[in-house]
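Asker: Sharing a structure with you now.
The values are calculated or read from the model by the stated rules, or taken from the named source; none is laboratory data. Because the structure is predicted, anything quoted here is derived from the model rather than measured. Methodologically, a virtual Cβ is constructed for each residue, glycine included, from the backbone with ideal geometry; neighbour enumeration extends over all protein chains shown.
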Amino acid sequence: MSEHSHTGAPSGGSIGDGPADPEHDTTAAYGLDRSYVSSLTRRIVSTTGETAAVASPIGRRPLAHVPQSSPADVAEAFSRARRAQASWAATSVDDRAAALLRLHDLLLDRQEELIDLVLWESGKARKDAYLEVAHLALTARYYARTAHQHLDTVRVGGMFPVLTRAEVNRVPKGVVGIISPWNYPLTMALCDGLPALLAGNAVVIKPDAQTMLTALLAAQLLDEAGFPPELWQVVAGPGPEVGGAIVSQADYVCFTGSTATGRTIARGCADRLVGCSLELGGKNPMLVLRDADVQRAAEGATRAVFSNAGQLCVSMERLFVADQVYDRFVDAFVSRTEAMTLGASHDWSVDMGSLISQAQLDAVTAHVEDAVAKGAHVLTGGRHRPDLGPYVFEPTILEGVTADMECFGLETFGPVVSIYRFHSEDEAVERANHGPYGLNASVWTRDGARGRALARRIRCGTVNVNEAYGATFGSLAAPMGGMGESGLGRRQGPEGVLRYTETQSVATQRLAPISPLLGMSEETHAKVMTVALRVLNKLGRA
Ligand code: NAD
């Protein structure tokens, strides 16, 4: 199917470590070499002798059989990571940043290989897979170039000028546990780990079982970029068992996935009093104001809603459109949606790819069927398209969605949007803020200042004005994450790296102690202190 070559992944031979019967020997279909796959899976810490199949939403047959880890393997991964972390923490920030910049170039050089693997595992459109490469390269460059700004020791004002010298160190947490989802197999496998490494930590990661190969190729690129291999430990297996073992040993947990699992992770971290960041679900609103450029907004809406077939935490599932432009917008949005090319293919021409699995297809189908049964209108789409790929579902626009329908407030995580008319901006803001989530929003207007003012009233961790999600997601200096049930903590920006550090304050007292001098009584000392405090305040000191 693909015309693209796999660098280091020669065609022919057979893939996976599974049985070589015709049912499993899918070499011809995927063009991956068994030794190539073995070179990837070797990275998994596993002694169980058990394997699990990695499916492909494009080819149906397993792509590979991947070794599984037990809780004991996770413990071994942690002890290897702890040993590696001790020497890594002693390296200079410049050396760590240099490795990130080498990774940046490797990602760009090896993009065809990375994208092909992402496509086999996820079924997404090639352009969506390319964005993963671009996001990771941006992440590597941003953290490499700003490393000193975040991690250098900072001198701060001491208790008394001259007498007290105070400074703040950023100390690595130790071993960070990362649990990642399947929807962006490449960027989610690395983007949170890169700042962890930069800050002097090691990582134990459990990628989602559906996208293990991409995560393993990402680990291999880290090795090639010059990170010590033991610093990045990969384990594989079911979430509750293997993910749970990570939560019970990590010095900090970074989780991306559903809100339900996020709560379980948070409880586990609370018991151990370790920190966590949780990047969770959303029901993201897009607002088209009455002064919006309707054509531009309609084009933006196709990306906002249907990128990655809607399996994107920051994609839009609720569209609120001003009365004055509603009809024009709907016409433009529907016709642009109907012009999209669909398919499960490696071709650049596909606008929207496949859903990843039968489970996703079932979930999306159930939301649409429930809405239609309760009276929603399908403006376009609404159908499974097995003729284009096993899990392809049409981009779907629903009108007339009401609060009793599942897709009104629950995350669909598929190519389905509900469109609503609004009469005033206050009403639009109120409806956008309805519900427990607060991840991402999008506002369309010809007046940027007005858009930014409105953004401040929307309870979401990121708001894009005249863009869907890419403007905030691609601005690496800007933190990204959710309010409410969309998460805790932030990736990207200073917070994205500082979460992996402990703040350590060191104060050195010079010349005089913080106690009465030369036989001075406590009472006199208190008076001297009081005078000093008043003087410092008069001088405007912090
Ligand atoms: P999920 O919560 O089912 O799984 C995510 C990861 O957690 C997987 O690796 C899984 O194996 C693991 N896991 C499952 N149960 C676990 C447990 N009890 N303990 C430890 N680990 C466990 O989520 P999903 O369905 O795979 O991913 C889709 C969800 O992720 C959506 O809700 C989406 O919005 C969210 N998401 C959020 C972001 C973000 O940045 N906010 C990004 C991508 C996806």
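Asker: Return yes or no: is residue 455 surrounded by 17 or more Cβ atoms within 10 Å (Cβ to Cβ), under 19 Å from residue 301 (Cβ atoms) and aliphatic (A, V, I, L, M)?
Answerer: Numbers: surrounded by 17 or more Cβ atoms within 10 Å (Cβ to Cβ): yes; under 19 Å from residue 301 (Cβ atoms): yes; aliphatic (A, V, I, L, M): yes.
Yes; evaluated as a whole, the condition is true for this residue.
Asker: While we're on this one: Whether any residue in segment 275-287 is surrounded by 22 or more Cβ atoms within 10 Å (Cβ to Cβ), among the small types (Gly, Ala, Ser) and more than 30 Å from residue 173 (Cα to Cα) is what I want to check.
Answerer: no
Asker: Any idea which of (1) assigned by TED's automatic domain parsing to the domain that holds residue 362; (2) in a helix (DSSP H, G or I); (3) surrounded by 24 or more Cβ atoms within 10 Å (Cβ to Cβ); (4) touching a Gly at 6+ places or on another chain (Cβ under 9 Å) is the one residue 303 doesn't satisfy?
Answerer: Condition (3) is where residue 303 drops out.
Asker: In this structure, does residue 290 turn out to be touching a residue at least 24 places away in the same chain (Cβ under 8 Å), part of a helix (DSSP H, G or I) and either under 19 Å from residue 389 (Cβ atoms) or more than 14 Å from the ligand (Cβ to nearest atom) (or both)?
Answerer: no
Asker: Is it the case that residue 328 is surrounded by fewer than 24 Cβ atoms within 10 Å (Cβ to Cβ), touching an Asp or Glu at 6+ places or on another chain (Cβ under 9 Å) and of a type outside the set (Gly, Ala, Ser)? If you could, list the steps in order and put the result at the bottom.
Answerer: Details: surrounded by fewer than 24 Cβ atoms within 10 Å (Cβ to Cβ): yes; touching an Asp or Glu at 6+ places or on another chain (Cβ under 9 Å): no; of a type outside the set (Gly, Ala, Ser): yes.
It is false that residue 328 is surrounded by fewer than 24 Cβ atoms within 10 Å (Cβ to Cβ), touching an Asp or Glu at 6+ places or on another chain (Cβ under 9 Å) and of a type outside the set (Gly, Ala, Ser).
Asker: Now for a different question. When you scan segment 386-400, how many residues do you find that are in a loop (DSSP other than H, G, I, E, B) and within 26 Å of the chain's Cα centre (by Cα)?
Answerer: Number of matching residues: 4.
Asker: How about segment 181-209: which of its residues are under 12 Å from the mean Cα position of the chain (by Cα) and farther than 21 Å from residue 85 by Cα?
Answerer: Correct list: 181, 182, 183, 184, 185, 186, 187, 188.
Asker: Hey, any hits in segment 338-353 for a residue that's under 20 Å from residue 304 (Cβ atoms), in a helix (DSSP H, G or I) and either modelled with pLDDT of 95 or more or of a type in the set (A, V, I, L, M) (or both)?
Answerer: Among the residues of segment 338-353, at least one is under 20 Å from residue 304 (Cβ atoms), in a helix (DSSP H, G or I) and either modelled with pLDDT of 95 or more or of a type in the set (A, V, I, L, M) (or both), which makes the answer yes.
Asker: Here are some conditions: (1) in contact (Cβ under 8 Å) with a residue 60 or more places away in the chain; (2) at negative phi. Residue 402 meets all but one. Which one does it not meet?
Answerer: Here residue 402 meets the rest and fails (1).
Asker: Go through segment 354-385 and count every residue that is assigned to a loop (DSSP other than H, G, I, E, B) and within 18 Å of residue 413 (Cα to Cα).
Answerer: Looking only at that region, the number is 8.
Asker: Looking only at segment 111-130, how many residues end up being in a helix (DSSP H, G or I) and more than 17 Å from the chain's Cα centre (by Cα)?
Answerer: The total comes to 12.
Asker: Can you report the number of residues in segment 30-50 which are acidic (Asp, Glu) and under 19 Å from residue 246 (Cβ atoms)?
Answerer: Looking only at that region, the number is 1.
Asker: Going through 274, 234 one at a time, which residue ends up being farther than 30 Å from residue 450 by Cα, among the aliphatic types (A, V, I, L, M), more than 19 Å from the chain's Cα centre (by Cα) and outside the structural domain of residue 56 (by TED's automatic domain parsing)?
Answerer: Matching residue, one of 274, 234: 274.
Asker: Okay, moving on. Can you spot a residue in segment 293-308 that is within 16 Å of the ligand (Cβ to nearest atom) and farther than 19 Å from residue 258 by Cα?
Answerer: Within segment 293-308, one or more residues are within 16 Å of the ligand (Cβ to nearest atom) and farther than 19 Å from residue 258 by Cα.
Asker: Separate question: Using the structure shown, decide if residue 177 is crowded, with 16+ Cβ neighbours inside 10 Å and modelled with pLDDT under 95.
Answerer: no
To keep it simple, each residue is scored yes or no on (1) buried (at least 17 other Cβ atoms within 10 Å of the Cβ); (2) not in a helix (DSSP H, G or I).
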| residue | (1), (2) |
| --- | --- |
| 40 | yes, no |
| 52 | yes, yes |
| 81 | yes, no |
| 86 | no, no |
| 99 | yes, no |
| 106 | yes, no |
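Asker: Still on this structure, I have one more. Scanning segment 254-266 for residues that are near the ligand (Cβ under 10 Å from one of its atoms) and in a helix (DSSP H, G or I), which turns out surrounded by the fewest Cβ atoms within 10 Å (Cβ to Cβ)? Don't jump to the end; show me each part of the working.
Answerer: At the first step, the residues of segment 254-266 found to be near the ligand (Cβ under 10 Å from one of its atoms) are 255-265.
Next, only the ones that are in a helix (DSSP H, G or I) stay: 259-265.
Numbers: 259: 18, 260: 10, 261: 19, 262: 24, 263: 13, 264: 17, 265: 25.
Checking each candidate, the answer is 260.
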